[in-house]
Each structure stands twice: as structure tokens, then as C-alpha cells.
Amino acid sequence: MDGEELTEQETALYDRQIRVWGADAQRRLSKSHILVYGMKGTVSEFCKNIVLAGVGSVTLVDDRLVTEEALSANFLILPDENLHNGKTLAEVCCDSLKEFNPMVRVSVEKGDISTFGVEFFEKFDVVVVSCCSLSKKKLINQKCRKLSKRVAFYTVDCRGSSGEIFVDLQNYKYSKKKLEETVECELDYPSFEESISVPWRSLPKRVSKLYFAMRVIEQFEDVEGRNPGESSIADLPSVMKLKKELCETNSVNESQISDALLERLLIDTSEFPPSCAIIGGILGQEVIKAISGKGDPLKNFFFFDAVDGKGLIEDISNPNTGS
């Protein structure tokens, strides 16, 4: 991302942002390339934020067609059927995003992202995935980690009014202001697979209940061969059975995972637009920090639940290694 300076046009357009985070941070943003998979409501909010911030390019991947459910939370899809008839979600969202900032290159890549070779991901600085199965998240994260350069990896999921963000910045160096001086910092991140493999019994007792509930439903859908969000309240008995098995395997009390929370996540499978805006906003902020190298990044999970209005950051890493 190092290289060219900002053009006169970029400097004029992003003047207010440059005053906040500086010309160097804006230059890094304008040269960055973002890959986004899964165009749901939360991801659309994220894309809008980074396009307005002035990243270099955004590549969208989502071959699904527009549905009524997609219309309910994704503001990038206009209600006029003639505008999206026969188009994929990625194509429709691409057309809308171009209107937000013509200086950002927005394009579409077709195909199943899990079949893309490792070299495909080398073109990007950030990879964000949503609507992904457990196995697909692990696979894409692994491919990003195999590259010679550091590619920031994020997953984001929203079910009803609740959602989570996972962050993997690998070995990440950044600077932050401390009193009157700038301090250089370094963090080591675990992969997605390493994080969710941390034994539950070793986690602090006050870890977000959403973490456990999301893992149960995520694993249930993966075992059943379901797409994310395809489970429903009819699956509650099977989900409760899996919850019991996972608690026994991890030597934790079943009360660690609220039955009411699991039930709510199975009932509310569609995204709640206000939650999309909050989670998508946090994700945009984190990606901007990762690209610019300024400010404390999130490590490594963020949870939000509109029911209690709380947003929680949890560092779920191997306690022996810190990653």
C-alpha cells in the first residue's frame, strides 16, 4: 500500500477525513483493495462506510439472486424489480455502491469463493466474509494466512438483533498516541480455527453468552449441511442436544449457554436493520484502523445484542500463547 501520493482531486474530496486521521492514513486507504463475500444487510452497511471513506477498490462476491428477505435489510437493493431482475446480489449492490463515491473502483467477481486459489487473495489487503459456513470460514482464513504478505481477515454475522465480528490481523504492528508521544505497538492474532478451538473451560466466566450460542448454531448448521441462517425454531430440539454435547465435551455447565438466547437466535434469522448499521459501522471502523495502522485494533471478537444494547470485545486466544 506504499507508493503514490494522493492526487489533488483525492485531497480535495477527502479533506475533512485527512484533518481527522492525516494524509498518510488517507493515502493508505486510497491504495487499499478490499474483498467482500456475502452481501447481507450488515455487509452492505460496511461497504457503504469504506466506499465513503475512500478505499482504492472493493470487489464483491455473491452469486445469489435478490429475494424478499434480502430486500428487508439491504438498503443497497432498490425496491424496483426492473433494476435487479436477473442480476446477482453482488451486481445489484455494485451498481448502488458506485453512486456513493465514483473515485472508488467497485467490481464483481463471480464464483464460489471457497474454490478460489490462494493466489487470488494476494490481490487484496483485506478480506471480509459473511453468510459463510464454519468450514468455509476456516478455509478462507487459512488461504489468507498462506500468503507472503499480511492480509487482514474478518468474519461478520448478524442474526436478528444480535451479531458478531471476528478479526485476524496475524502479526500486526501499529502506532497510537499516548499523552504527547506516539507509541509503537504489536499484537499477535490467532486464526479463526485456533480461536474457536480454545477450550471453553479455560475462558473467563464473564465471556459473552453470544460467543457460545453462535458457536452452537454455527456448528449445527455445518454438521447438517445448511447454509448460514437456514436453521429455524423447528430445529430447537436438535440444537439443544448439540449444546448439551458441546458443554460436556468442554467440561462446562449447560447454564453457560442460555436456552432463551438460542431460541431467539433460531426465531430471528433475518437481520434487524438497526443492528446491521451498528455492527457494519464497527466493522468499517476496524478495517480503516487496520489499513491506516493507527489506533488500537479490536482483538479478536466483537459481540452486539440490541436486546440489552451492549457491545462487548472479547480476546479469545490460547491462554498459553496469547494467540
Check: Relative to the longest principal Cα axis of the chain, at what angle does helix 209-223 sit, 0 to 90 degrees, rounded to 10?
Finding: 80
Item checked: ASP222, ASP305, ranked by accessible area, largest first (probe 1.4 Å) -> ASP222, ASP305
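Quick one: compute the contact order of the chain, relative version, from alpha carbon pairs under 8 angstrom and 6+ residues apart, as a percent.
20
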Next item on the list: Identify which of the listed values of Cα extents along the principal axes in Å was calculated from the structure shown: (1) 57, 48, 32; (2) 79, 49, 37; (3) 61, 55, 39.
Entry: (3)
Next item on the list: For segment 198-267, evaluate the Debye formula with one uniform point scatterer on each Cα (no solvent term) and list log10 I(q)/I(0) at q = 0.13, 0.26 Å⁻¹, rounded to two decimals.
Entry: -0.33, -1.25
Next item on the list: Determine the calculated [θ] at 222 nm for the chain from helices alone, applying -39500 (n - 2.57) to every DSSP H run no shorter than 4 residues and normalising by the residue count; nearest 500 deg cm²/dmol.
Entry: -12000 deg cm²/dmol
Note to self: Helix 89-100 against the longest principal axis of the chain: what's the angle in degrees, Cα atoms only, rounded to the nearest 10?
What the structure shows: 40
Checklist line | Cleavage-rule hits, GluC sites (Glu not before Pro), segment 217-323, DSSP coil, Cβ neighbours within 10 Å at most 11 | finding: GLU230
Next item on the list: Could you tell me what percent of the DSSP beta bridges with both partners in the chain are antiparallel, to the nearest 5?
Entry: 60
Check: Given LYS149/LYS209; LYS31/LYS98; LYS40/LYS173, which pairs have Cα atoms separated by over 29 Å?
Finding: LYS149/LYS209; LYS40/LYS173
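Give, in whole angstrom and from largest to smallest, the semi-axes √(5λ) of the equivalent ellipsoid of segment 167-323, with λ running over the eigenvalues of the Cα gyration tensor.
Values for segment 167-323, descending: 31, 19, 13 Å.
The values are calculated or read from the model by the stated rules, or taken from the named source; none is laboratory data. The model shown is predicted, which means the values in this text are computed figures rather than measured ones. Cβ sites come from the backbone with ideal geometry, for glycine too, and all protein chains shown count toward neighbours. In case anyone asks, the SASA skips ligands and DNA or RNA and just uses the protein heavy atoms, side chains included. Shrake-Rupley method; radii C 1.70, N 1.55, O 1.52, S 1.80 Å.
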